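Following: one structure in structure tokens, then a few remarks.
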């Protein structure tokens, strides 16, 4: 299919735990929006799933992801808990330029790993 973009990422939940322990609020503020932090309620596995989702979205952008900031890719949930991708700033502009009109996303996590898969 022309224009179809996919991305997948997996991360160990412990890597997010270590980053939070090492850099505290500066890590969280650099990676996540306030809405994401509120939605995750400090649950590390949920934060890890959103980190994996941001990486998966960047992979779907491919070489067009260069220069995108973490907080320009926002992973939220609707009222039913279904995850969705919101783009801001350069990420939103780049998506329009390369023909991405939206993303479908799936997240999953265990105590050890978090994974995300996106289709743009």
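With a simple spin-label model that places each label point 7 Å from the Cα along the Cα-to-Cβ direction, the separation between residue 43 and residue 63 comes to 4.0 nm. Estimated from helices alone, the mean residue ellipticity of the chain at 222 nm is -14500 deg cm²/dmol (sum of -39500 (n - 2.57) over DSSP H runs with n ≥ 4, per residue). Relative to the longest principal axis of the Cα atoms of the chain, the long axis of helix 44-61 lies at roughly 20 degrees. Once the Cα atoms are used to define both axes, helix 13-31 deviates from the longest principal axis of the chain by about 70 degrees. Helix 89-98 and the longest principal axis of the C-alpha atoms of the chain enclose an angle of approximately 40°. Our note on the geometry: Cα centres of region 23-86 and region 89-120, 9 Å apart. Note: relative contact order over the chain, using C-alpha pairs below 8 Å and six or more positions apart, is 38 percent.
Would you please state the base-10 log of I(q)/I(0) at q = 0.16, 0.18, 0.19 1/Å for the chain, with intensities from the Debye formula using one equal scatterer on every alpha carbon? With one equal scatterer per Cα and no solvent, log10 I(q)/I(0) is -0.71, -0.89, -0.99. Distance between the 7 Å Cα→Cβ label points at residue 10 and residue 77: 2.3 nm.
Each reported figure results from applying straightforward, stated rules to the coordinates on display, with no laboratory input. Predicted model only: the values in this text are computed from it and were never measured. Every residue, glycine among them, receives a Cβ derived from its backbone with ideal geometry; neighbour counts consider all protein chains shown.
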